[in-house]
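Each remark here refers to the structure printed beneath this line.
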Amino acid sequence: MPPVVYQDKCKGCGKCEEICPGDLMELDENKKAFCRAKRDCWDCMACVKACQFEAIETRIPYQLGYYPARLIPKMKEKEIEWTCIDINGKVDKFLVKTHNK
Amino acid sequence: MSRANLPQSFDKIDEVRIDTDILIIGAGNAGCFAAIEAKRLNPHLKVTLMEKAHIDRSGCLAGGMDAINTYIKKDRTIEDFVRWSRSQAGGLIREDLTISMAEVLNKPIEEWEEWGMPIKYEEDGEEYKTRGKWDITISGSEMKVILAEKTRQTGCEIINRVVATNYLMEGNKVIGAIGFGVRDGKVYIIRAKATIIATGGAAGLYKPYQNDGNDSHHQLWYAPFNVGTGFAIGIRQGAEMTTFEMRWCATRTKDFNGPIDTISVGYKTPMINCKGEQILKTRYAHLGGDAAPRYIRANAPMDEWREGRGPCYVDTTHMTPDQIHDMKYDYLNERPSYVLFLASRAQDLSKEPIEIYGSDPYIVGGHTASGYWVDVKRATTLPGLYACGDVAGGTPNKFVGGCAAEGLLSARAAVDYVASVEQGIINEEQISQEKDRIFAPGFRHSVVGDGVKPREMEERLQRLMDEYAGGVHQFFRMNKEGLEYALRNLKILKDQVKYLIATDLHELMDAHEVIDRLDVAQVLVHHLMYREETRWAGWQTRADFPEKNDQKFDCFVNSRYNPETGDVEMFTRPYEQIISGDRLKA
Ligand SMILES: Cc1cc2nc3c(=O)[nH]c(=O)nc-3n(C[C@H](O)[C@H](O)[C@H](O)COP(=O)(O)OP(=O)(O)OC[C@H]3O[C@@H](n4cnc5c(N)ncnc54)[C@H](O)[C@@H]3O)c2cc1C
Ligand code: SF4
Ligand code: SF4
């Protein structure tokens with residue numbers, strides 16, 4: 001599933017490129033991240049979690065789900081605060097524990 | 001990390017040569033545990049991990065996990081475990097391997113918890129919270145990051161972004177591996193006294209049904225970057241393989257192709273057809289109902305569709321709002337984007353149940369019995385080579401814990417083995433041939449400029465396998481004539497490999513992924529042809545042999561590719577029962 005990169009938020013730090021298990025994220029000549037093959041993305045969200053600037057979001061391919069649902073993780077030391085917004089704007093929040101100590 | 005260009009000619013290829021005691025190919029779940037165990041047993045050994053991605057988020061665990069499907073709780077025994085696993089796999093497992101795995105099964109899981117991975121506890125606080133009979137629930141979103149950190153601390157050498165392409169051989173002995181850097185474009189020649197293969201299973205052999213638009217090609221359950229390279233490089237050297245025909249075709253959430261146990265096991269939601277009938281309890285009661293073997297449960301919704309009673313669902317409409325919230329929490333730990341998928345449909349699960357459907361077939365030794373034929377030490381039939389995790393055969397129902405446990409076992413054997421061997425002698429002729437083979441698609445691009453793109457060949461392969469070798473669009477059914485058609489075309493495809501072109505290093509990796517898949521697919525089709533019966537409907541349905549034939553096939557079907565002749569030799573190995581009882585009952 002395709003990740004989208006908000007060009008204004010991307011700082012070109014390269015974290016997403018470093019982490020993507022499919023070698024799909026790259027930086028262009030302007031040091032902005034892009035996904036080289038959207039169809040090859042597994043939507044594991046590793047790049048989204050790695051980006052400290054909330055510049056990447058995962059999208060559901062339109063063939064499978066409607067626009068514009070959003071799922072945004074806020075990484076904290078021992079948990080992730082997830083915000084999910086459905087296509088009608090309904091917001092759901094989750095606090096997911098990631099480390100036990 | 002900057003990206004190098006493709007080398008333009010043979011003499012421009014940079015080499016990196018490394019000598020190590022133990023080389024582990026694949027720093028996933030099993031590979032990391034193997035590295036940790038090897039260093040623990042002998043800190044003086046040099047242990048090297050070769051990983052095509054980045055150790056922090058590679059393989060099946062990249063997005064996380066919400067459960068560990070196999071853990072032996074206090075009141076259970078190894079015998080119980082073997083009986084359960086045996087019955088789930090239709091009575092065909094390597095009992096010796098299952099027993100040795102079960103003996104160390106709990107250790108890696110408890111260690112993970114010590115290192116920081118949260119595991120949920122029962123209300124009384126004593127035991128891990130159970131999901132099904134053998135499953136425990138975890139908050140595993142960051143479990144791979146935690147494991148990678150621990151692996152780093154042991155002081156082993158981690159080489160990220162290097163794609164293994166073949167073993168280094170001295171006669172029939174494995175003396176390391178060769179690969180290329182997908183970021184730096186260099187060739188890595190890693191010589192080792194012992195080699196452990198831990199590259200996971202194979203995805204992308206078949207066309208997934210979601211693949212109707214460009215953006216959803218990798219809408220797969222299994223990790224799409226595990227393409228079966230570990231099988232392929234063993235096949236090419238004549239390693240014995242087992243039970244490829246026991247494919248993993250599973251019921252998954254429809255369209256998303258995601259895990260389903262989270263809902264059906266975790267929250268005991270029944271599978272229903274379009275009429276609202278609880279299908280396992282009613283139509284499949286005689287096959288075991290809710291406790292039916294995995295392949296029955298996997299196939300039931302597809303049979304319902306075929307009979308005209310689809311769509312099928314897991315019925316979430318009786319779940320409480322708290323349960324629905326908890327279930328989404330679990331998904332955020334494993335496949336977070338499933339929560340996004342539900343939001344993209346504004347689906348209220350208390351009103352609209354989750355639709356289910358079959359996945360594309362995978363070869364995954366952690367779920368079924370496909371993979372390298374190994375002994376109890378996890379030694380393969382090639383001297384110097386050990387296998388663990390999804391790439392090792394004979395032991396279905398390993399899952400996270402079992403793959404990790406096999407990592408420990410293979411490391412123990414490798415540490416023993418290296419004590420008595422010297423480094424092998426590198427055959428420079430092999431290196432030069434392999435360098436040529438690796439970069440051929442790049443050279444072809446720069447010299448000829450025209451040919452077959454990896455993506456085109458991949459899609460041709462996936463369509464072929466789907467239509468003629470029992471893919472999801474055929475409801476997993478196949479017959480002799482179709483399989484023969486597949487074999488004929490696989491042969492053509494293998495010959496067409498010489499036309500592959502790659503414009504950069506990433507495409508070069510794509511090219512080798514499809515080359516490896518072709519080798520795996522060929523062996524798979526031979527296995528499917530050989531088993532002239534239907535033993536695991538869904539996983540292996542021969543429309544022309546719909547019955548089980550115990551007289552001929554209550555045994556392991558094994559294969560060996562003959563590197564000299566190019567033929568795949570098929571033969572059987574007997575079943576050896578160690579734990580008493582009816583093999584089809586838990
Ligand atoms: C979505 C999903 C959900 C699952 N849910 C559960 C669950 O709830 N409970 C459970 O117990 N099990 C579950 N499993 C199964 C379990 O995760 C796997 O069986 C197990 O983790 C596999 O371990 P492994 O080490 O064999 O493979 P992996 O962890 O996948 O490791 C393979 C490694 O090899 C690397 N590699 C591949 N090719 C090459 C190459 N050519 N060169 C170098 N490196 C290479 C990969 O990048 C990867 O790092 C799930 C699996 C998936 C995909
Ligand atoms: S991690 Fe975020 S900020 Fe850094 S390069 Fe990627 S998108 Fe840009
Ligand atoms: S979601 Fe995963 S596979 Fe997709 S681009 Fe991001 S890191 Fe890569």
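The values are calculated or read from the model by the stated rules, or taken from the named source; none is laboratory data. Small disclaimer: the values here were computed from a predicted structure and weren't measured. All Cβ positions, glycine included, derive from the backbone under ideal geometry; neighbour counts span all protein chains shown. To get the accessible areas, we keep the full protein, side chains included, count just its heavy atoms, and leave off ligands, DNA and RNA. Shrake-Rupley method; radii C 1.70, N 1.55, O 1.52, S 1.80 Å.
Select, from A:Ala55, A:Ala50, the only residue that is surrounded by 19 or more Cβ atoms within 10 Å (Cβ to Cβ), under 18 Å from A:Gln7 (Cα atoms) and within 9 Å of ligand 3 (Cβ to nearest atom).
Matching residue, one of A:Ala55, A:Ala50: A:Ala50.
Just to be sure I understand, how many residues within the range B:210-248 are in contact with a helix residue (DSSP H, G or I) (Cβ under 6 Å, 6 or more places away or on another chain), part of a loop (DSSP other than H, G, I, E, B) and more than 13 Å from ligand 1 (Cβ to nearest atom)?
Residues that pass the stated criteria total 4.
Conditions tested, residue by residue: (1) over 30 Å from B:Ser2 (Cβ atoms); (2) touching a residue at least 40 places away in the same chain (Cβ under 8 Å).
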| position | (1), (2) |
| --- | --- |
| A:Asp23 | no, no |
| A:Cys47 | no, yes |
| A:Ile56 | no, yes |
| A:Trp82 | yes, no |
| A:Asp86 | yes, no |
| A:Asn100 | yes, no |
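What's the number of the condition B:Glu37 fails, among (1) closer than 23 Å to B:Asp261 by Cα; (2) away from ligand 2 (no atom under 16 Å from the Cβ); (3) at pLDDT 95 or above; (4) out of contact with any Gly (no Cβ under 6 Å at 6 or more places or on another chain)?
Condition not satisfied by B:Glu37: (1).
Does any residue of the range B:87-95 turn out to be in contact (Cβ under 8 Å) with a residue 12 or more places away in the chain, buried (at least 16 other Cβ atoms within 10 Å of the Cβ) and within 14 Å of chain A (Cβ to nearest Cβ)?
No, the range B:87-95 contains no residue that is in contact (Cβ under 8 Å) with a residue 12 or more places away in the chain, buried (at least 16 other Cβ atoms within 10 Å of the Cβ) and within 14 Å of chain A (Cβ to nearest Cβ).
Looking only at residues that are among the aliphatic types (A, V, I, L, M) and either within 9 Å of another protein chain (Cβ to nearest Cβ) or on the phi > 0 side of the Ramachandran plot (or both) in the range A:76-101, which one is most open to solvent (accessible area, probe 1.4 Å)?
A:Leu95
Do you know which residues across the range B:526-555 are closer than 12 Å to B:Met570 by Cβ, touching a helix residue (DSSP H, G or I) at 6+ places or on another chain (Cβ under 7 Å), touching a residue at least 60 places away in the same chain (Cβ under 8 Å) and not in a loop (DSSP other than H, G, I, E, B)?
Of everything in the range B:526-555, just one residue is closer than 12 Å to B:Met570 by Cβ, touching a helix residue (DSSP H, G or I) at 6+ places or on another chain (Cβ under 7 Å), touching a residue at least 60 places away in the same chain (Cβ under 8 Å) and not in a loop (DSSP other than H, G, I, E, B), namely B:Leu528.
So, A:Ala69, is that one in contact (Cβ under 8 Å) with a residue 24 or more places away in the chain and of a type in the set (Gly, Ala, Ser) or not?
Here the answer is no, as A:Ala69 does not meet what is asked.
Under 30 Å from B:Asp348 (Cβ atoms) and either within 9 Å of ligand 3 (Cβ to nearest atom) or of a type in the set (S, T, N, Q) (or both): is that true of A:Lys93 in this structure?
In short, no.
For the range B:281-389, please list each of the helices (runs of 4 or more DSSP H) lying entirely inside it that holds at least 3 residues being at pLDDT 95 or above and under 22 Å from B:Val557 (Cβ atoms).
none
State the number of residues belonging to the range B:205-226 that are polar (S, T, N, Q) and modelled with pLDDT of 95 or more.
1
Only one of (1) among the acidic types (Asp, Glu); (2) within 13 Å of ligand 1 (Cβ to nearest atom); (3) open to solvent by 20 Å² or more (accessible area, probe 1.4 Å) fails for B:Asp375. Which number is that?
Of everything listed in (1) among the acidic types (Asp, Glu); (2) within 13 Å of ligand 1 (Cβ to nearest atom); (3) open to solvent by 20 Å² or more (accessible area, probe 1.4 Å), B:Asp375 misses just condition (2).
Check B:Ser344, B:Ser350 and return the single one that is under 26 Å from A:Ile80 (Cα atoms), within 14 Å of another protein chain (Cβ to nearest Cβ), of a type in the set (S, T, N, Q) and in contact with a Leu (Cβ under 8 Å, 6 or more places away or on another chain).
B:Ser344
Of the residues that make up the range B:40-56, is at least one within 14 Å of chain A (Cβ to nearest Cβ), outside any loop (DSSP other than H, G, I, E, B), within 16 Å of ligand 3 (Cβ to nearest atom) and touching a residue at least 40 places away in the same chain (Cβ under 8 Å)?
The answer is yes, given that some residue of the range B:40-56 is within 14 Å of chain A (Cβ to nearest Cβ), outside any loop (DSSP other than H, G, I, E, B), within 16 Å of ligand 3 (Cβ to nearest atom) and touching a residue at least 40 places away in the same chain (Cβ under 8 Å).
Which condition number in (1) within 14 Å of chain A (Cβ to nearest Cβ); (2) within 23 Å of the chain's Cα centre (by Cα); (3) at pLDDT 95 or above; (4) not in a helix (DSSP H, G or I) is the one that B:Ile146 fails?
(4)
Do we have B:Ile138 as open to solvent by 10 Å² or more (accessible area, probe 1.4 Å) and within 13 Å of chain A (Cβ to nearest Cβ) here?
It is false that B:Ile138 is open to solvent by 10 Å² or more (accessible area, probe 1.4 Å) and within 13 Å of chain A (Cβ to nearest Cβ).
Check whether at least one residue in the range B:187-196 is away from ligand 2 (no atom under 16 Å from the Cβ) and not in a strand (DSSP E or B), and report yes or no.
The answer is no; no qualifying residue exists.
Within the range B:120-127, identify whether any single residue is out of contact with any helix residue (DSSP H, G or I) (no Cβ under 8 Å at 6 or more places or on another chain), within 30 Å of A:Cys47 (Cβ to Cβ) and open to solvent by 10 Å² or more (accessible area, probe 1.4 Å), and answer yes or no.
There is at least one residue in the range B:120-127 that is out of contact with any helix residue (DSSP H, G or I) (no Cβ under 8 Å at 6 or more places or on another chain), within 30 Å of A:Cys47 (Cβ to Cβ) and open to solvent by 10 Å² or more (accessible area, probe 1.4 Å).
Which of the residues spanning the range B:557-577 are surrounded by fewer than 15 Cβ atoms within 10 Å (Cβ to Cβ) and touching a residue at least 60 places away in the same chain (Cβ under 8 Å)?
B:Asn562, B:Pro563, B:Tyr575, B:Glu576, B:Gln577 - these are the residues of the range B:557-577 that are surrounded by fewer than 15 Cβ atoms within 10 Å (Cβ to Cβ) and touching a residue at least 60 places away in the same chain (Cβ under 8 Å).
Which one is farthest from B:Asn211 (Cα to Cα) among residues in the range A:24-47 that are within 11 Å of ligand 2 (Cβ to nearest atom) and surrounded by 23 or more Cβ atoms within 10 Å (Cβ to Cβ)?
Per the criteria, the residue is A:Ala33.
Condition (residue is on the phi > 0 side of the Ramachandran plot and modelled with pLDDT of 95 or more) applied to the range B:450-462: is it met by at least one residue?
There is at least one residue in the range B:450-462 that is on the phi > 0 side of the Ramachandran plot and modelled with pLDDT of 95 or more.
Can you tell me which residue in the range B:318-334 is farthest from B:Ile138 (Cα to Cα), limited to those that are more than 8 Å from chain A (Cβ to nearest Cβ) and open to solvent by less than 30 Å² (accessible area, probe 1.4 Å)?
By that ranking, first place goes to B:Met319.
Kindly indicate whether A:Trp82 is in contact with a helix residue (DSSP H, G or I) (Cβ under 6 Å, 6 or more places away or on another chain), closer than 23 Å to B:Met143 by Cα and away from ligand 2 (no atom under 14 Å from the Cβ).
yes
Among the candidates B:Thr229, B:Thr242, B:Thr195, which residue alone is open to solvent by 10 Å² or more (accessible area, probe 1.4 Å) and either among the polar types (S, T, N, Q) or within 14 Å of another protein chain (Cβ to nearest Cβ) (or both)?
After applying the criteria, what remains is B:Thr229.
Which pairs have Cβ atoms under 8 Å, sit 6 or more apart or on different chains, and link a residue in the range B:399-410 that is closer than 18 Å to B:Ala89 by Cβ to one that is basic (Lys, Arg) and open to solvent by less than 10 Å² (accessible area, probe 1.4 Å)?
Sorted first by the residue in the range B:399-410, then by its partner, the pairs are B:Ala405/B:Lys398; B:Glu406/B:Arg378; B:Glu406/B:Lys398.
Looking at B:Val400, is it closer than 30 Å to A:Thr83 by Cβ, more than 14 Å from chain A (Cβ to nearest Cβ), more than 16 Å from ligand 2 (Cβ to nearest atom) and open to solvent by 10 Å² or more (accessible area, probe 1.4 Å)?
So B:Val400 passes the test.
Considering the range B:27-54 alone, what residues qualify as being surrounded by fewer than 24 Cβ atoms within 10 Å (Cβ to Cβ) and either near ligand 1 (Cβ under 9 Å from one of its atoms) or basic (Lys, Arg) (or both)?
B:Lys39, B:Arg40, B:Lys46, B:His54, listed by residue number.
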